[in-house]
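Single-structure report; data block below.
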Amino acid sequence: MICGRQSGKTTAASIKFGTIAAKKKNRCILMIAETEKQAYNLFFKTLMFLEAVYPKSINRRAKFKPTKHEINLTNGSKIMCYAAGLSGSGLRTYTLTNLVIDEAAPMSREIFVSTMPMLSVTGGSMDIMSTPRGKQGFFYDCSKRDDFKKFYISAEDCPRHDKNFLEEQKKMMTKLEYAQEYLALFLDDLKRFFDDDWIKRTCTMERTPAIPGKKYFLGVDVGHMGEDASTFEIIEKVEKDNFKQVESIVTNKKKLTETIELIKELNRDWKFKKIYIDDGGLGVGVFDHLLDFPETRRKVVAINNARRSLDIDGRRKHKLMKEDLYTNLLRLGERGEIKLLDDDEVIASLKSVQQEWVVKEGEYSRWRIWGNNTHIVEGIIRGAWSSKDKTLNIWVR
């Protein structure tokens with residue numbers, strides 16, 4: 001299923017496999033996605049479909065009642081839900097009749113290598129669905145294979161989408177961005193910013209608690225109330241040119257006052273050397289409050305696309321661009337000078353970052369970095385900017 005965003009692919013899959021499990025005996029269905037949150041979205045919709053249409057099919061005995069990872073049915077069928085992670089190696093144990101893979105485009109080839117043999121002895125089926133992410137990866141390869149039956153759904157053909165909304169999106173987005181996200185087209189000109197090899201080499205850390213005496217930096221990306229997530233990424237400076245991520249915290253639907261209090265609480269626990277924050281949009285309210293708070297006043301640094309003073313008199317200016325922040329993180333990873341968490345959500349956010357050249361009047365006009373799940377990376381690139389502190393000497397009044 002090659003689908004534009006919000007076109008109903010997950011709902012369609014939940015109906016299909018809920019029906020299969022309820023009507024056919026002894027089916028073993030595994031639903032996976034790159035992260036647990038993505039996989040559980042499909043799994044939960046399937047459970048809700050069963051509750052609404054086939055409530056008597058659900059085994060509710062104490063030993064078999066539905067959990068976050070498993071639904072047992074009275075006819076012996078079972079539906080399971082797990083995150084695939086970076087390689088899918090943790091899934092190598094089941095014999096399946098059906099394999100369902102959601103948000104498949106950014107997944108590494110290793111995940112498919114790990115999971116497809118589970119279908120061999122049963123002659124089982126594999127359903128994979130996603131919005132495209134460029135002409136690369138296993139999902140794209142499958143779109144060209146003759147042994148897959150293909151369904152293509154553009155957002156413009158989906159009655160769930162408001163046509164006026166799509167017109168506004170078309171005006172706001174670049175042609176490539178709109179073509180991928182809503183028209184579900186595989187495009188040569190869109191490339192991942194962080195490739196799989198970079199992620200494998202860089203995402204190797206486990207979470208560690210705060211240790212007195214260590215040098216910690218906080219990167220914050222403030223989300224819009226009720227819409228985007230806010231993220232708080234903690235980076236430790238191990239030595240001169242050696243950094244590691246030790247914690248990643250994501251909050252949703254929080255008021256600005258709650259975000260401010262969380263930063264204060266984290267600062268008390270971790271004793272940050274610097275707090276880097278995006279002060280654009282709602283972030284300015286958080287930044288201004290932290291400037292007025294004695295414990296954070298000399299630590300907080302605003303990082304956005306504005307011109308920034310390089311000396312205390314403001315005589316020299318430097319325009320710090322989003323591309324500078326991303327390129328800094330990329331280079332740190334390439335040189336092995338930063339290690340990030342081996343965490344599904346962190347990895348998924350890194351994989352969502354794409355780059356393109358925006359064309360204007362037939363010529364390349366600028367380089368653009370974007371993505372639909374970048375909130376964690378937006379916090380990381382700010383925390384990782386601590387590696388540049390010695391060269392920027394940013395002053396906070």
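The values are calculated or read from the model by the stated rules, or taken from the named source; none is laboratory data. What you see is a predicted model, and the numbers here were worked out from it, not measured in a lab. Cβ placement follows ideal geometry from the backbone for every residue including glycine, while neighbour counts extend to all protein chains displayed.
Worth a mention:
- Within the range 63-83, considering residues that are among the small types (Gly, Ala, Ser) and free of Cβ contacts under 8 Å to residues at least 60 places away in the same chain, the one surrounded by the fewest Cβ atoms within 10 Å (Cβ to Cβ): GLY76
- Taken over the range 189-212, the criterion of being surrounded by fewer than 14 Cβ atoms within 10 Å (Cβ to Cβ) and β-branched (Val, Ile, Thr) is satisfied by THR204, ILE211.
- Some residue of the range 320-330 being buried (at least 16 other Cβ atoms within 10 Å of the Cβ), within 13 Å of the chain's Cα centre (by Cα) and modelled with pLDDT under 90: no
- Strands (runs of 3 or more DSSP E) lying entirely in the range 180-269 (those with 1 or more residues that are of a type in the set (A, V, I, L, M), outside the structural domain of HIS161 (by TED's automatic domain parsing) and farther than 19 Å from SER387 by Cα): 242-251
- Scan of the range 55-81 for residues that are part of a helix (DSSP H, G or I) and among the hydrophobic types (A, V, I, L, M, F, W, C), ordered by number: none
- Hey, ALA52 buried (at least 18 other Cβ atoms within 10 Å of the Cβ) and in a helix (DSSP H, G or I) or not: no
- Among residues that are buried (at least 21 other Cβ atoms within 10 Å of the Cβ), among the aromatic types (Phe, Trp, Tyr), part of a helix (DSSP H, G or I) and more than 20 Å from the chain's Cα centre (by Cα), PHE272 is not included.
- Among the criteria (1) within 20 Å of ALA105 (Cβ to Cβ); (2) hydroxyl-bearing (Ser, Thr, Tyr); (3) surrounded by 15 or more Cβ atoms within 10 Å (Cβ to Cβ), the one THR231 does not fulfil is (1).
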